[in-house]
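In what follows, a single structure is set out as structure tokens and then discussed.
The values are calculated or read from the model by the stated rules, or taken from the named source; none is laboratory data. Owing to the predicted nature of the structure, the values given are computational and were not obtained by experimental measurement. Here Cβ is always computed from backbone atoms with ideal geometry, including for glycine, and neighbour counts include all displayed protein chains. Quick note on the areas: whole protein, heavy atoms, side chains included, nothing else; ligands and nucleic acids left out. Shrake-Rupley method; radii C 1.70, N 1.55, O 1.52, S 1.80 Å.
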Amino acid sequence: MDIPRNVKIVIVVLLCAILGLACSADGTSTGPKESTENYSVSPTPTPTPIPTPTSTPVDSKQVAPQFVAGPSGLGDSYFPNLGNGGYDVERYIIEVQWDPEEKWLSGSTVIEAKSTENLSSFNVDFAPMQISEVTVNGVRADFTAEENEVVVIPSEGILSGTDFNARFVYEGSPSLFCWDTNCSLLGGWYNLEEGAFVAGEPSSSLAWHPVNDHPRDRAQFRIEMTLPSNLDFVTNGVFLSKTQNGEVSTWVYETVHPRAPYLTTLAIGEFEEVIAPSVDDLPIRHWIEEGIVRENLAYLDYDKMVSVLTDLFGPYPFDTYGVLVLNHQLGFALETQTLSLFGRDTFEIESIHIHELAHQWFGNHLTVESWSEIWLNEGFATYSEALYYQAIYPEFDIYQYLIAGFGGRESQLLGGIPPGDPGPESLFSASVYYRGALTLHALRLTIGDEAFFTSLREYADQFGGTNVSTDDFIQLVEKISGEALGDFFDRWLLGPVLPEMPS
Ligand SMILES: [Zn+2]
């Protein structure tokens, strides 16, 4: 995510004002007024004992497998309720319809998953919408819904290591959520006068489909959206088809490369597809909302951006790229996978395009293990801006760029909040971006260019497609540089003040 300094402060006010929302800060955003009123709880399930699966061999000497309830979170220290334990999602198949008049979403989501424990029940993250039916492997299941958690109780236990699917049929008016007490982390489904879009970090997907909503569970997606034919539908991945049936059309997109759920975006409105020249066989397709002057994108040299970042980090990790530009003042941009999201206030700023493109490696291909590791996303993407400009302008002063980005060496924004553990309230603080980037610059000055750039490429190569932690990066850099760097990273990432830059 990137939030320009001069607009950051007004983001929430702006969004709430523009979108006509009443935002609360208690995690149960009032959002659009319908958001909580449609909350429904399923019929109270009967707490019947889970029978042993019939496939289990009957053997008096063998102990019957024990089944447990899957955890309601993945143990993330910042957002303990995001994600769920006991299974790993392989693919989401989402088939929904959108009624723009009523702001009403209806349809189904199938979660294809593999169990990692013997499950008597499991949770999914899902916002307050009306669920009419849940089936597991085609058999009706009991369920309860509370807050943003749905507990599914299948008719029989699921043995560990088993492929299974769960289908949810639901409808409702999707909305926005606050993820911190001052509502600086706002995400979910944004209703606009003429359309809608989805965005948010650390979470947005649970606002509109059942999901295991943590970066640790990356999955493939197939999304089918049916809506009036006068509207367009855009989402991540590869566009497969648009089929018109009377006054409605169904759009289908598919993502083969697994992605963390928060990296999904979608937009409904009137869009123009702009096909830019491919870069080394990488298709570049932008979607521009009506009212945005497409010529204003022309100055962006994606050929150069992709080439420079590929030289630095290795091959672009996905099969397509482009930007989605909404004709709305968002106050942020977001690195949604293969389709970065911009508003009309951010899309003309070149450095943000570099930033979101760099996130396709650092954030999307290499995804954080826990939200406390956010500097691995934002520090790297911010430093990538500086590396790009240094590649274009060899005399470019990286230190000045990063320091100036936050008002000078004495800026209190650079101290105080340790980028290596900023806390959920400061997930996107200046320190995470700029002190995170300064940490990489200090590392480069400490171990030298050769070891530093070898480390970046090895990091992307070895850990691409997986979840990463700061320890992973430190161990790799220590191995390549031959230096003990524990104290260095402690001071730069966790110390109370910004250390002096090595000379
Ligand atoms: Zn970012």
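Just one of the numbered conditions (1) open to solvent by less than 10 Å² (accessible area, probe 1.4 Å); (2) at pLDDT below 95 is not true of GLU147: (1). In segment 312-320, the condition of being more than 13 Å from the ligand (Cβ to nearest atom) and modelled with pLDDT under 95 is met by at least one residue. Under the condition of being open to solvent by 20 Å² or more (accessible area, probe 1.4 Å) and more than 16 Å from the ligand (Cβ to nearest atom), the residues counted in segment 421-440 number 3.
Of the conditions (1) at negative phi; (2) within 16 Å of the ligand (Cβ to nearest atom), THR338 satisfies every one except a single condition; which number is it? Of the numbered conditions (1) at negative phi; (2) within 16 Å of the ligand (Cβ to nearest atom), the odd one out for THR338 is (1).
Within segment 460-479, does at least one residue satisfy the condition of being more than 30 Å from ALA219 (Cα to Cα) and either at pLDDT 95 or above or β-branched (Val, Ile, Thr) (or both)? Yes, some residue in segment 460-479 is more than 30 Å from ALA219 (Cα to Cα) and either at pLDDT 95 or above or β-branched (Val, Ile, Thr) (or both).
Whenever a residue of segment 125-138 is open to solvent by less than 60 Å² (accessible area, probe 1.4 Å), its partners that are of a type in the set (Lys, Arg) and modelled with pLDDT of 95 or more, lying with C-beta atoms within less than 6 angstrom and at least six residues away or across chains, give the pairs THR135/ARG167. Take the conditions (1) of a type in the set (A, V, I, L, M); (2) part of a loop (DSSP other than H, G, I, E, B); (3) crowded, with 21+ Cβ neighbours inside 10 Å; ALA267 misses just one of them, which is (2). Here is the figure for segment 167-200: residues that are open to solvent by 10 Å² or more (accessible area, probe 1.4 Å), aliphatic (A, V, I, L, M) and outside any loop (DSSP other than H, G, I, E, B) total 2. Of all residue pairs spaced 6 or more apart or on separate chains, those with beta-carbon atoms under 9 Å, a first member in segment 233-245 that is within 19 Å of LEU339 (Cα to Cα) and a second member that is modelled with pLDDT of 95 or more and surrounded by fewer than 16 Cβ atoms within 10 Å (Cβ to Cβ) are PHE233/LYS242. Condition check: closer than 29 Å to ILE374 by Cα, open to solvent by 40 Å² or more (accessible area, probe 1.4 Å) and free of Cβ contacts under 8 Å to residues at least 60 places away in the same chain. Does ASP319 satisfy that? So ASP319 fails the test.
The residue pairs whose first member lies in segment 343-357 and is open to solvent by less than 50 Å² (accessible area, probe 1.4 Å), whose second member is assigned to a loop (DSSP other than H, G, I, E, B) and within 11 Å of the ligand (Cβ to nearest atom), and whose beta carbons are closer than 6 Å, counting only pairs six or more residues apart or on different chains, are GLU356/GLU335.
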